Amino acid sequence: FSLGRSPTPSPDACACSVRCMASALFLLSCSMVSTVSTADTQEERRCNHLRPIGHVAIVGGTHGNERMGLIMVDELQRKPPTCSYRLSALVANEEAVVARGTGAGRRYMDTDLNRCFLLKDLERPDVPEASEERRAREINELLGPKSSLTPKTDLIIDLHSTTSNTGVLLCLHPHDKFALQLAAHLISLDPSIRIALWNCEDDVALLPSISRSGITVEVGACAHSIIVFELLEKVAEISLFRRAYTLDYPRSNGQSTVQSAFIHPKLQGVRELQERLKTSSPVFARLDGSEELLGSVVPDMGEDEELYPMFINEAAYVEKNVALVLASRRVETVTYWARHLPVA
């Protein structure tokens with residue numbers, strides 16, 4: 001510190017000070033806007049899960065040497081499914097996809113594209129040097145913008161492959177309510193799916209975060225630059241049921257309108273086509289407390305025969321003299337393309 005009188009500043013020094021002050025105020029204002037947008041706008045978008053889905057984007061090639069997602073994107077572009085919403089299929093980092101690396105494509109050209117989507121980076125006034133940073137701004141303009149409460153895309157599903165043995169792993173923000181609901185639905189279709197949560201931060205640098213809701217899908221184990229076909233198809237064992245017997249209610253004195261027995265309480269309300277009946281299973285109950293077992297109702301039923309009930313006590317079938325239907329079961333292995341799984 002100097003307690004003496006300061007020299008009178010020159011006009012050039014004053015102009016420089018004004019420019020520095022203006023620059024500082026601009027950076028401060030950007031910082032303040034980003035903080036508000038990040039903490040408030042991002043959280044409000046994630047929690048706005050009841051708004052109808054109008055646009056879904058499926059993205060592959062965020063990392064150029066992860067080829068599994070590219071197969072799905074190409075399939076969707078060539079054979080777009082009929083949806084109740086607009087569906088886009090996008091290659092995120094095409095420059096890295098076509099580049100020569102250790103195999104087909106490179107992970108990135110200059111920097112990791114999937115770390116370029118922080119709001120403060122997308123809104124910087126300068127023109128970035130890294131090709132991925134420029135591409136991030138293009139994608140943000142195409143599918144976002146991230147700063148908006150109503151971005152152009154309601155859901156982004158970003159497809160990746162990994163050398164780790166993850167199986168199918170869904171990664172999402174812990175506050176993204178729609179993504180959590182969608183993940184729960186997919187797990188109901190395939191219980192082997194797992195969920196991992198992103199860090200609980202106001203803003204994340206990942207591509208799906210520019211949408212109202214977003215999920216990163218990791219599929220592995222799969223070496224970089226190659227396709228593992230087993231990960232593109234699903235194998236499932238399904239149960240097929242066929243009508244084997246149709247049972248009527250026991251009748252009194254041959255009168256078709258009077259029932260002498262009724263569906264047994266142990267059979268009424270069971271989960272149909274799930275619980276196997278045996279010859280000793282009670283089927284009908286009488287007012288005098290007696291029971292009719294399946295073995296007596298279907299006398300030619302074998303001990304090893306698998307029969308499953310359905311349409312038990314169906315009101316609409318009473319006029320058709322149907323108390324219940326017994327179905328046989330067989331198991332069949334079905335292989336199908338993973339693209340036929342619903343994505344939203």
Just for region 245-254: of the residues that are modelled with pLDDT under 90 and in a loop (DSSP other than H, G, I, E, B), which one is least open to solvent (accessible area, probe 1.4 Å)?
S252
What about D158, is it touching a residue at least 12 places away in the same chain (Cβ under 8 Å) and among the acidic types (D, E)?
yes
Which numbered condition trips up L240, out of (1) under 21 Å from N321 (Cα atoms); (2) aliphatic (A, V, I, L, M); (3) modelled with pLDDT of 85 or more; (4) open to solvent by 50 Å² or more (accessible area, probe 1.4 Å)?
(1)
If you go through region 132-150 one residue at a time, do you hit one that is in contact with a strand residue (DSSP E or B) (Cβ under 9 Å, 6 or more places away or on another chain) and buried (at least 19 other Cβ atoms within 10 Å of the Cβ)?
yes
Please determine whether any residue of region 166-183 is open to solvent by 20 Å² or more (accessible area, probe 1.4 Å), within 30 Å of R100 (Cβ to Cβ), modelled with pLDDT of 95 or more and not hydroxyl-bearing (S, T, Y).
no
The lone condition F241 fails out of (1) part of a loop (DSSP other than H, G, I, E, B); (2) over 17 Å from the mean Cα position of the chain (by Cα) is (1)
Taking A196, is it small (G, A, S), at pLDDT 90 or above, open to solvent by 30 Å² or more (accessible area, probe 1.4 Å) and in contact with a strand residue (DSSP E or B) (Cβ under 6 Å, 6 or more places away or on another chain)?
yes
P208 meets each of (1) open to solvent by 30 Å² or more (accessible area, probe 1.4 Å); (2) outside any loop (DSSP other than H, G, I, E, B) with one exception, condition (1)
Here's a check for you: in region 311-322, which residue that is under 41 Å from the mean Cα position of the chain (by Cα) and surrounded by 13 or more Cβ atoms within 10 Å (Cβ to Cβ) is farthest from L277 (Cα to Cα)?
Y317
Is it the case, given these coordinates, that A104 is modelled with pLDDT under 95, touching a strand residue (DSSP E or B) at 6+ places or on another chain (Cβ under 6 Å) and surrounded by fewer than 19 Cβ atoms within 10 Å (Cβ to Cβ)?
no
Based on what the data block shows, is I157 β-branched (V, I, T) and under 15 Å from the mean Cα position of the chain (by Cα)?
yes
Being free of Cβ contacts under 8 Å to residues at least 40 places away in the same chain and closer than 16 Å to T246 by Cα is the filter here, so list the residues in region 283-300 that pass it.
F284, L293, L294, G295, S296, P299, D300
Applying the selection to region 255-310, what residues are open to solvent by 80 Å² or more (accessible area, probe 1.4 Å) and among the basic types (K, R)?
K266, R271, R276, K278
Report the residue count in region 112-165 for those that are outside any loop (DSSP other than H, G, I, E, B) and among the β-branched types (V, I, T).
3
What number of residues within region 82-110 satisfy the criterion of being part of a loop (DSSP other than H, G, I, E, B) and either among the charged types (D, E, K, R) or touching a Leu at 6+ places or on another chain (Cβ under 7 Å) (or both)?
5
Being modelled with pLDDT under 90 and out of contact with any Lys or Arg (no Cβ under 8 Å at 6 or more places or on another chain) narrows it down to one residue among M310, M301; which is it?
M301
Taking region 34-55, which residues are outside any helix (DSSP H, G or I), modelled with pLDDT of 70 or more and open to solvent by 50 Å² or more (accessible area, probe 1.4 Å)?
L50, R51, P52
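The values are calculated or read from the model by the stated rules, or taken from the named source; none is laboratory data. Quick caveat: nothing in here was measured; it's all calculated off a predicted structure. Glycine also receives a Cβ, built like all others from the backbone with ideal geometry; neighbour counts cover every protein chain displayed. Ligands, DNA and RNA are stripped out before the accessible areas are found, and what is left, the full protein with its side chains, is counted by its heavy atoms. Shrake-Rupley method; radii C 1.70, N 1.55, O 1.52, S 1.80 Å.
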